[in-house]
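To start, the structure under review is shown below, and the notes come after it.
The values are calculated or read from the model by the stated rules, or taken from the named source; none is laboratory data. Note that the structure is a prediction, hence the values are computed from the model and not measured. When we count neighbours, we look across all protein chains shown, and the Cβ atoms used for this are built from the backbone with ideal geometry, even at glycine. Accessible surface is based on the protein model in full, side chains and every heavy atom, while ligands, DNA and RNA are left aside. Shrake-Rupley method; radii C 1.70, N 1.55, O 1.52, S 1.80 Å.
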Amino acid sequence: MSEKKRCGWCEGDALYEAYHDEEWGVPVYDDATLFEFLVLETFQAGLSWITILRKRENFRKAFDAFDYKKIANYPEEKIQELLLDAGIIRNKLKVRATVTNAQLFMKVQQEFGSFSKYIWGFVDGKPVTNTVIDYKKAPPTTQISDALSKDLKKRGFKFVGSTVMYAHMQATGMINDHEADCFRYSEVQEL
């Protein structure tokens, strides 16, 4: 049995490979999952994604299963509790940004009917398929991620720079950036 060809960024780590094989690049239209990735990408800023994946379950417990309605109403005591939680990234700005982003996430839902409608509007409701030969040569941002970042910042969101938002778009399947010879490239296109 031959080994599956995967994107080079995930090879050699079982957790990374499972995430790549099962989640990365799969189109996500569910607001709760989109918010989860927004939280995780916020904490990933400046760190490696594998660091966040290894702490994902800790984040899930610490942030009430990524329930944005609860997070939006976190009192100061809860924020202080999070800042003492060694299972997550204890960055004060990122913790506070998560609370702010949860509040703004709900405002976007009110305006557009769902966060999904809002964010998928940046790609006309369907995934953009790129032809990435080598992930190391893929751009870290695009005009689309620039526009999304700019709009989110205008709305008050934090830690939503273009690079963070491009990673979010890749993770949630708005962009198919699997390497062209990766077994998931065509599978994700068919979803």
Open item on the list: So, in segment 88-114, how many residues would count as being in contact (Cβ under 8 Å) with a residue 12 or more places away in the chain, over 19 Å from Phe63 (Cα atoms) and either open to solvent by less than 50 Å² (accessible area, probe 1.4 Å) or touching a helix residue (DSSP H, G or I) at 6+ places or on another chain (Cβ under 8 Å) (or both)?
Closed with: 3
Open item on the list: Being assigned to a helix (DSSP H, G or I) and not small (Gly, Ala, Ser) is the filter here; which residues of segment 166-175 pass it?
Closed with: Tyr166, His168, Met169, Gln170
Task: Selection status of Leu40, among the aliphatic types (A, V, I, L, M), crowded, with 20+ Cβ neighbours inside 10 Å and either within 17 Å of the chain's Cα centre (by Cα) or under 27 Å from Lys117 (Cβ atoms) (or both) - done: yes
Task: Complete set of residues in segment 178-191 that are touching a residue at least 60 places away in the same chain (Cβ under 8 Å), part of a loop (DSSP other than H, G, I, E, B) and open to solvent by 10 Å² or more (accessible area, probe 1.4 Å) - done: Asp181, Leu191
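Enumerate the helices (runs of 4 or more DSSP H) found wholly within segment 70-165, keeping only those where 1 or more residues are among the acidic types (Asp, Glu) and more than 22 Å from Trp24 (Cα to Cα).
76-83, 92-112, 143-154
Taking Gly46 as the residue in question, decide whether it is open to solvent by 30 Å² or more (accessible area, probe 1.4 Å), closer than 20 Å to Asp151 by Cα and either part of a loop (DSSP other than H, G, I, E, B) or among the small types (Gly, Ala, Ser) (or both).
Here the answer is no, as Gly46 does not meet what is asked.
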TODO: Kindly provide the set of residues from segment 9-32 that are outside any loop (DSSP other than H, G, I, E, B) and more than 20 Å from Ser149 (Cβ to Cβ), ordered by number.
DONE: Trp9, Cys10, Ala14, Leu15, Tyr16, Glu17, Ala18, Tyr19, His20, Asp21, Glu22, Ala32
TODO: Answer yes or no: is there a residue in segment 126-134 that is open to solvent by 30 Å² or more (accessible area, probe 1.4 Å), of a type in the set (S, T, N, Q) and modelled with pLDDT of 95 or more.
DONE: no
Open item on the list: Of everything in segment 17-37, what is more than 26 Å from Leu83 (Cα to Cα), open to solvent by less than 40 Å² (accessible area, probe 1.4 Å), without any contact (Cβ under 8 Å) to a residue 40 or more places away in the chain and in contact with a helix residue (DSSP H, G or I) (Cβ under 7 Å, 6 or more places away or on another chain)? Give them in sequence order.
Closed with: Tyr19
